[in-house]
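**Q** Structure incoming, see below.
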Amino acid sequence: MSIVTVQLGQCGNQIGFEVFDALLSDSHSSQGLCCKRENEAYQASCKERFFSEEENGVPIARAVLVDMEPKVISQTLSKAAQSGRWKYGQHACFCQKQGSGNNWAYGYSVHGPRHEESIMNLIRKEVEKCDSFSGFFIIMSMAGGTGSGIGAFVTQNLQDQYSNSLKMNQIIWPYGTGEVIVQNYNSILTLSHLYRSSDALLVHENDAVHKICAKLMNIKQISFSDINQVLAHQLGSVFQPTYSAESSFHYRRNPLGDLMEHLVPHPEFKMLSIRNVPHMSENSLAYSTFTWAGLLKHLRQMLISNAKMEEGIDWHVRPSLSGPSSLGKMSLNKDLHFNTSIANLVILRGKDVQSADVEGFKDPALYTSWLEPVNAFNVWKTQRAFSKYEKSAVLVSNSQFLVKPLDMIVGKAWNMFAS
């Protein structure tokens with residue numbers, strides 16, 4: 001089933017480009033470590049989800065690009081065309097000459113209603129090209145004006161016009177010391193509106209991704225492009241095909257639906273995070289070997305200690321021996337150091353994947369008391385390696401990971417309001 005991606009604002013369009021480029025690069029990689037027939041099935045499944053064919057054989061991204069300034073969209077279209085591997089549709093973008101001035105209200109209340117018909121018509125045309133439509137993947141930031149304001153407005157319209165289709169928003173959480181003075185206002189307004197209209201919010205924190213670039217990728221001068229490539233790698237490792245539960249020879253047809261089914265058991269708890277291992281530079285990878293036991297041990301500890309990357313994991317955090325606790329009855333002494341989960345999905349890709357033991361993620365102590373671990377944990381697998389890694393593991397989690405950042409952003413907004 002096909003997914004239509006909606007890229008909003010500078011951040012959404014730049015990340016969207018990197019995501020499509022990573023997906024296509026991986027699907028045509030010679031390092032997949034699997035047979036030709038399996039590789040062809042993998043490529044076909046990826047293409048069905050994210051690309052449509054043009055007559056000359058160049059795949060076209062199933063995407064709509066929206067920005068209130070032309071510069072970023074022009075650069076994005078040009079970079080995709082120059083790659084020679086894929087491109088955006090000729091009439092799949094909407095831009096204006098005037099930005100939103102980092103003002104959420106201007107994006108939501110002025111640009112949104114003014115350009116609603118044009119933007120929704122572009123999305124409708126893209127949806128009509130799909131033989132089998134799964135839903136929308138909406139990429140946006142929360143700090144600025146266009147991505148956050150128009151993003152919230154468009155998501156609300158999608159809920160009204162496509163109420164039976166799934167909507168997942170990938171949102172970029174701003175830097176704690178951010179460069180936009182009203183980013184805390186923008187973020188809270190964005191979240192409050194998305195919570196009413198989106199089915200799931202996939203959150204990436206800029207600070208966490210920046211640390212991955214610095215400490216794991218060994219990048220000295222970190223650019224937005226570096227950060228976007230890390231994001232694209234994480235998103236690609238989630239959305240690329242995996243085997244269905246029923247058969248180890250057929251790829252899942254409905255990735256958005258399966259993600260929602262496994263990770264959002266209650267509509268009030270819909271904020272998801274991604275953690276992946278390993279993550280390292282090309283130079284380090286040449287001297288590294290991995291075992292499933294080692295990767296999964298690190299990934300589990302990252303989950304329960306709420307670590308965003310392998311480096312600096314707190315190994316002292318342990319699940320409670322008394323078993324699962326209610327989210328509403330957390331001990332004050334724990335200070336939320338232990339990250340209780342509602343639901344977790346582990347995605348394993350690579351060599352000898354069937355030998356991987358995920359029993360550690362089924363521990364009832366990891367989960368809230370109102371959901372049985374049998375319903376709270378799922379695993380997807382494929383022998384097809386992702387990107388440059390012989391073995392890789394990804395954890396998509398619905399947990400308490402955002403409690404502290406959310407408290408901070410709300411506190412800062414109230415402080416600014418009070419002053």
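The values are calculated or read from the model by the stated rules, or taken from the named source; none is laboratory data. From a predicted model like this one, the values you see are computed outputs, not experimental measurements. Cβ atoms come from the backbone with ideal geometry, glycine included; neighbour counts cover every protein chain shown. Each accessible area value is taken on the protein alone, full model and side chains, heavy atoms only, with ligands, DNA and RNA left out. Shrake-Rupley method; radii C 1.70, N 1.55, O 1.52, S 1.80 Å.
**Q** Condition (residue is modelled with pLDDT of 90 or more and of a type in the set (G, A, S)) applied to the stretch 96-104: is it met by at least one residue?
**A** No, the conditions are met nowhere in the stretch 96-104.
**Q** Check the stretch 377-387 and report whether any residue there is assigned to a loop (DSSP other than H, G, I, E, B), within 20 Å of A293 (Cβ to Cβ) and open to solvent by less than 50 Å² (accessible area, probe 1.4 Å).
**A** Yes, the conditions are met somewhere in the stretch 377-387.
**Q** Of the residues in the stretch 279-308, how many are surrounded by fewer than 19 Cβ atoms within 10 Å (Cβ to Cβ), part of a loop (DSSP other than H, G, I, E, B) and at pLDDT 85 or above?
**A** Matching residues across the stretch 279-308 total 3.
**Q** Of the residues W86, W104, which is of a type outside the set (S, T, Y), farther than 22 Å from S2 by Cβ and in contact with a Leu (Cβ under 7 Å, 6 or more places away or on another chain)?
**A** W104
Residues are listed down the side, and each one gets a yes or a no for (1) over 27 Å from R49 (Cα atoms); (2) assigned to a helix (DSSP H, G or I); (3) in the same structural domain as C11 (by the TED database):
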{"position": "I150", "(1), (2), (3)": "no, yes, yes"}
{"position": "V154", "(1), (2), (3)": "no, yes, yes"}
{"position": "N169", "(1), (2), (3)": "no, no, yes"}
{"position": "I181", "(1), (2), (3)": "yes, no, yes"}
{"position": "N184", "(1), (2), (3)": "yes, yes, yes"}
{"position": "I227", "(1), (2), (3)": "no, yes, yes"}
{"position": "V238", "(1), (2), (3)": "no, yes, yes"}
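**Q** Looking only at the stretch 159-179, count how many residues are open to solvent by less than 20 Å² (accessible area, probe 1.4 Å) and modelled with pLDDT under 90.
**A** Final tally of qualifying residues: 2.
**Q** Within the stretch 349-383, count every residue that is closer than 24 Å to D314 by Cβ, in contact (Cβ under 8 Å) with a residue 40 or more places away in the chain and under 19 Å from the mean Cα position of the chain (by Cα).
**A** 0
**Q** If I filter the stretch 140-158 for residues that are open to solvent by 30 Å² or more (accessible area, probe 1.4 Å) and either under 17 Å from the mean Cα position of the chain (by Cα) or among the aromatic types (F, W, Y) (or both), do I get at least one hit?
**A** no
**Q** Kindly establish whether T190 is in contact with a helix residue (DSSP H, G or I) (Cβ under 6 Å, 6 or more places away or on another chain), among the hydroxyl-bearing types (S, T, Y), open to solvent by less than 10 Å² (accessible area, probe 1.4 Å) and closer than 24 Å to M408 by Cα.
**A** yes
**Q** Criterion first (at pLDDT 90 or above, over 22 Å from I123 (Cβ atoms) and surrounded by 15 or more Cβ atoms within 10 Å (Cβ to Cβ)) does K79 satisfy it?
**A** Spelling it out, K79 is indeed at pLDDT 90 or above, over 22 Å from I123 (Cβ atoms) and surrounded by 15 or more Cβ atoms within 10 Å (Cβ to Cβ).
**Q** So how many residues does the stretch 174-222 have that are among the charged types (D, E, K, R) and in contact (Cβ under 8 Å) with a residue 40 or more places away in the chain?
**A** Qualifying residue count for the region: 5.
**Q** Next up: Please pick out the residue among N56, N102, N39 that is under 25 Å from the mean Cα position of the chain (by Cα), surrounded by fewer than 21 Cβ atoms within 10 Å (Cβ to Cβ) and assigned to a loop (DSSP other than H, G, I, E, B).
**A** Residue meeting the stated conditions: N102.
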